[in-house]
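The values are calculated or read from the model by the stated rules, or taken from the named source; none is laboratory data. On a predicted model such as this, the values are computed, not experimentally measured, just so you know. So basically every Cβ, Gly included, is an ideal-geometry build from the backbone, and we count neighbours across all protein chains shown.
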Amino acid sequence: MSSRVAKIATGNGHETTPLLQAIVELPSGARASTTGVWFEPGDTPYFYWLIPQSQTHAAVGFIAEDGKTARTKLQRFLARIGLKPVEMQSARIPSYTHFTRPWRRIAGCDVYLVGDAAAQVKVTTVGGLVTGLRGAKAAANAILRQSGYLKELRSLQRELSLHLLIRSALNRFQSADYDRLLDLLNEKMINLLGVHDRDHAARILCRIILAQPRLLSLVPGALWQSSARISGCCSILFL
């Protein structure tokens, strides 16, 4: 992401999002098979997580808006849930935008960027392993088929743009919105989420909306039109 090649190929690199997490000792009696998630809109538009790494230790962290205040917020959160950091880890994650163009012709050569260098990251969770591998496959196909990287990337870009739309809605959520979101979960939605992973949101978003149409009530007015277009694809999906 920070390489000279990536910065030249993209114009000036990508905007980034700070990530901070602490390695902590699991308290006595804690289950090493259970992951925790906390929605704290006052601290972050994303979420805090607790992910066990072994029977004795876990990673607790969050995606911050401001790197300068991230450490204070994380320490305050750890104190609130009664955990002490053993080690601190930080990183900056590239942020995908609709205008991300991860290729360029330089000195007569085509340069294809993939993964973090191409900002092929889901902005809903800032995860990029699966999407980065999809970008690598698209680059390989562009070379082998001589078909053009843009053509091979279209499916992935639609997926990443959908995550960007979802993130735009989540950024406006308050605690009451998360409470309502959880209240709206029904059996059909839970079954869908149990079968399909978040790396292929385009495959299931319409199905989820059909399973619980009241989810659209959580979409802010500024995004209503875009969401309406998404829900409109449902009838096409099932024809």
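Do we have any residue at all in segment 15-34 that's surrounded by fewer than 15 Cβ atoms within 10 Å (Cβ to Cβ), of a type in the set (Val, Ile, Thr), in a loop (DSSP other than H, G, I, E, B) and free of Cβ contacts under 8 Å to residues at least 60 places away in the same chain?
Initially, segment 15-34 is screened for residues surrounded by fewer than 15 Cβ atoms within 10 Å (Cβ to Cβ), giving 15, 25, 27-29, 31-34.
Narrowing the set further to residues that are of a type in the set (Val, Ile, Thr) leaves 34.
Next, from what is left, pick out any that are in a loop (DSSP other than H, G, I, E, B): 34.
Now restrict to residues that are free of Cβ contacts under 8 Å to residues at least 60 places away in the same chain: 34.
Yes, there is a match, as at least one residue in segment 15-34 is surrounded by fewer than 15 Cβ atoms within 10 Å (Cβ to Cβ), of a type in the set (Val, Ile, Thr), in a loop (DSSP other than H, G, I, E, B) and free of Cβ contacts under 8 Å to residues at least 60 places away in the same chain.
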Only residues that are small (Gly, Ala, Ser), within 19 Å of THR16 (Cα to Cα) and at pLDDT below 90: list them for segment 101-121, please. none
Selected residue (only one of TYR149, TYR96 is under 22 Å from the mean Cα position of the chain (by Cα) and surrounded by 12 or more Cβ atoms within 10 Å (Cβ to Cβ)): TYR96
Residue hits (segment 1-14; surrounded by 12 or more Cβ atoms within 10 Å (Cβ to Cβ) and either over 24 Å from the mean Cα position of the chain (by Cα) or under 21 Å from ALA59 (Cα atoms) (or both)) are VAL5, ILE8
Being part of a strand (DSSP E or B) and of a type in the set (S, T, N, Q) is the filter here, so list the residues in segment 73-118 that pass it. GLN89, SER90
Residue pairs, Cβ under 7 Å, 6 or more apart or interchain, first in segment 64-86 and more than 27 Å from VAL123 (Cα to Cα), second surrounded by 13 or more Cβ atoms within 10 Å (Cβ to Cβ) and among the β-branched types (Val, Ile, Thr). List them. LEU83/VAL24; LEU83/VAL60; LYS84/VAL24; VAL86/ILE23; VAL86/VAL24
Considering (1) loosely packed, with under 14 Cβ neighbours inside 10 Å; (2) out of contact with any His (no Cβ under 7 Å at 6 or more places or on another chain), say which one TYR48 fails and leave the rest. (1)
Spot the failing condition for ARG154; the list is (1) more than 20 Å from the chain's Cα centre (by Cα); (2) closer than 20 Å to LYS122 by Cα; (3) loosely packed, with under 15 Cβ neighbours inside 10 Å, and only one is missed. (1)
For THR72, state whether it is farther than 21 Å from ASP177 by Cα and β-branched (Val, Ile, Thr). yes
Looking only at segment 35-45, filter to residues that are touching a Leu at 6+ places or on another chain (Cβ under 7 Å) and assigned to a loop (DSSP other than H, G, I, E, B); which one of those is surrounded by the fewest Cβ atoms within 10 Å (Cβ to Cβ)? THR35
Determine the pairs where a residue that is part of a helix (DSSP H, G or I), located within segment 177-190, has a partner that is β-branched (Val, Ile, Thr) with Cβ atoms under 9 Å apart, the partner being 6 or more residues away or on another chain. LYS188/ILE208; MET189/ILE208
Pull up segment 99-118, narrow it to residues that are closer than 14 Å to VAL5 by Cβ and out of contact with any helix residue (DSSP H, G or I) (no Cβ under 6 Å at 6 or more places or on another chain), then point me to the one that is surrounded by the most Cβ atoms within 10 Å (Cβ to Cβ). ASP116
Just to verify a result, which residue in segment 119-146, among those that are assigned to a helix (DSSP H, G or I) and small (Gly, Ala, Ser), is surrounded by the most Cβ atoms within 10 Å (Cβ to Cβ)? GLY135
